[in-house]
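A quick write-up on the structure given underneath.
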Amino acid sequence: MTDQRSSLRDCLNSLFKVLAMLPLVAIIIAVIWGGKYLFVNFNVPINNVLVIGAFDNIKKQEIEELIKPLVVGEILSLDLAPITSLLESHPWIERATVRRKWPGGLEIKVIEENPIARWGEKSFLNDRGEILQIENNNSLSDLPLLQGDKHSEKLLMKTYRETNLLLQSENLKISELKQDDVGVWRLMLSNGLELVIGRDQIIAKIRRFLVIWKATLSSRSGDVASVDVRYDNGVAVRWR
């Protein structure tokens with residue numbers, strides 16, 4: 001009798017466990033069915049592509065033509081990663097964001113690259129010191145020229161930005177910033193004045209130059225050919 005009661009309890013426990021699992025099973029089935037239903041009903045063909053951004057050097061039509069071969073099929077089945085990669089490989093595009101826009105559209109947001117300076121003879125640098133290869137560059141010929149050893153582009157851009165910020169207080173603009181093979185920095189201003197800076201303490205030397213510029217040289221700027229700021233306690237001025 002005891003064995004029969006124990007067997008009955010085991011059967012009841014098993015039954016209760018099965019019954020307890022039924023809501024979970026029902027939920028799983030509902031999720032699977034609902035997901036399939038949504039996918040079938042919302043996976044509609046792509047019928048609209050919206051391109052947004054500020055366009056100065058690249059046209060919206062060019063972007064639309066660029067991605068056209070990849071924008072095929074249905075909205076949910078479309079892989080967005082290749083579209084993003086293709087856009088960001090364009091020399092004029094810094095960053096691109098691609099997202100689905102229901103019911104059957106894509107929204108593409110594009111941020112253009114911003115060339116800050118020329119790099120060597122053919123390349124350009126953005127504000128992060130990254131090299132840009134831009135074929136259609138006729139409008140960029142007036143950018144300042146940065147020149148240095150290979151892999152020094154980030155250092156050149158950092159130095160350019162810091163130096164340019166200081167010089168702006170006196171309305172002085174950099175036309176060239178170079179670091180030669182032995183590490184000597186030279187700077188050419190847009191007014192034709194050359195600064196010989198040396199190998200180190202660049203910012204401190206620019207500040208020293210500005211003190212002397214404000215005190216004596218600015219009033220005779222047309223007569224100054226170059227200023228050598230490599231000295232610890234002063235500068236050497238070469239007159240025209």
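The values are calculated or read from the model by the stated rules, or taken from the named source; none is laboratory data. These figures come from a predicted structure and were not determined experimentally. Positions of Cβ are backbone-derived with ideal geometry, glycine not excepted, and every protein chain shown enters the neighbour counts. SASA here: full protein model, heavy atoms, side chains in, ligands and nucleic acids out. Shrake-Rupley method; radii C 1.70, N 1.55, O 1.52, S 1.80 Å.
Things worth noting here:
- For I75, solvent-accessible area (1.4 Å; no DNA, RNA or ligand), Å²: 0 Å²
- Remark on I134: its backbone amide H falls under 5 Å from those of F124, a criterion applied only to residues 5 or more positions apart or on other chains, H modelled at 1.01 Å from N.
- Low-density loop cleavage sites - trypsin sites (Lys or Arg not before Pro) in the stretch 49-100, where at most 16 other Cβ are within 10 Å (DSSP): K59
- Surface share of carbon and sulfur [accessible, 1.4 angstrom probe, percent] for the stretch 158-240: 46 percent
- Relative contact order [Cα under 8 Å, 6+ residues apart], the stretch 90-229, whole percent: 14 percent
- Accessible area per residue in Å² at 1.4 Å probe, computed on the stretch 154-240: 56 Å²
- Derived scalar couplings ³J(HN,Hα) [the stretch 223-228; Karplus, 6.51 cos²θ - 1.76 cosθ + 1.60; whole Hz; x for Gly, Pro]: 9, 8, 8, 7, 10, 9
- When the square roots of the Cα gyration tensor eigenvalues are ordered a ≥ b ≥ c, the ratio a/c for the stretch 55-189 is 1.5 or more and a/b exceeds b/c, which makes its shape prolate.
- Computed over the alpha-carbon pairs of the stretch 139-240, the distance histogram in 5 Å steps reads 2, 12, 25, 27, 19, 10, 4, 1, 0 percent, short to long.
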